[in-house]
């Protein structure tokens, strides 16, 4: 964090890059995150963190299911958007909530389905880990899996894929025979869906989400969110000078970097990038290395559940803007909470489902 505060802004100043150097040397999000990390984390009661986080996940999932039932019975989704972050400045909260009532996807209390998925994914990591290892709380596993599937969120699918890969790679969860069986089963399932259910509207919607994530094409009149969220930032990074690629340019010069490229057909020319790209552009290769080294050193000796949470968080960096945000802090808090309170499920009186 000290590196991010000092070196990249100095490089931008040395190179004469346009930008807001007050923001570069005093980035509010990074400073706020650092203060929470240094002063808040050591004083948290981990049992209460997990206990109330679980309750909030239940409330959010319950409201999501209520929205789905209401939509398919009366045609309107009840909305109760909590405006912690107002992304769209050209509208008010009430108008935004009214528009969400007519959308084709529910998002619980959140602005978008992706935000809802990101909120429940840390808890889903714990539930999956405990279900696989100890066969407890199977109904939680099935309900949350069902919610993430019908949510039709690219973030949700991406996170579930990261969790599955974690379980296949981490020792102590699945035997070699089970891993081979899982891979064969997943392959057969995908082939079956592609052959027999490819024309099903729900399946087509899910497949379109994956296609959007993997597409490098920019259609002038088509969907562009996948390209903008996943690929555009690498073109921005590629346009930087070599010294800037190595050391970064700081937060205050992101707008300048975004204007270095022009992509024909793209309807967006702002500075949005996903978390990994933001780290590359603002901190360079050195800052990126230090960041992941810090995560590795912090969690290499922790519980397997916390490692799965961190892997899920890192996977989301490649499709979402999460760097030094409240979303990233949530994943870090839950990962540390699980690591520091190994008996939390027993304390919460979670008993195996027979």
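The values are calculated or read from the model by the stated rules, or taken from the named source; none is laboratory data. Everything numeric in this text was worked out from a predicted model, so none of it was measured. Cβ atoms come from the backbone with ideal geometry, glycine included; neighbour counts cover every protein chain shown.
Would you check which residues across segment 59-82 are in contact with a helix residue (DSSP H, G or I) (Cβ under 9 Å, 6 or more places away or on another chain) and closer than 17 Å to residue 124 by Cβ and list them?
60, 61, 64, 65
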- Task: Could you list all residues from segment 6-24 that are without any contact (Cβ under 8 Å) to a residue 40 or more places away in the chain and within 19 Å of residue 256 (Cβ to Cβ)?
- Result: 10, 13, 14, 16
- Message: Considering only residues that are in contact (Cβ under 8 Å) with a residue 40 or more places away in the chain and more than 16 Å from the chain's Cα centre (by Cα), which ones fall in segment 293-331?
- Response: 299, 304, 305
- Task: State whether the residues of segment 8-25 include one that is in a helix (DSSP H, G or I) and either under 24 Å from the mean Cα position of the chain (by Cα) or at positive phi (or both).
- Result: no
- Message: Name the single residue that is nearest to residue 130 (Cα to Cα) among those in segment 165-178 being surrounded by 12 or more Cβ atoms within 10 Å (Cβ to Cβ) and at pLDDT below 80.
- Response: 173
- Message: Only one of 55, 61, 69 is surrounded by 15 or more Cβ atoms within 10 Å (Cβ to Cβ), under 23 Å from residue 142 (Cα atoms) and at pLDDT 80 or above. Can you tell me which?
- Response: 61
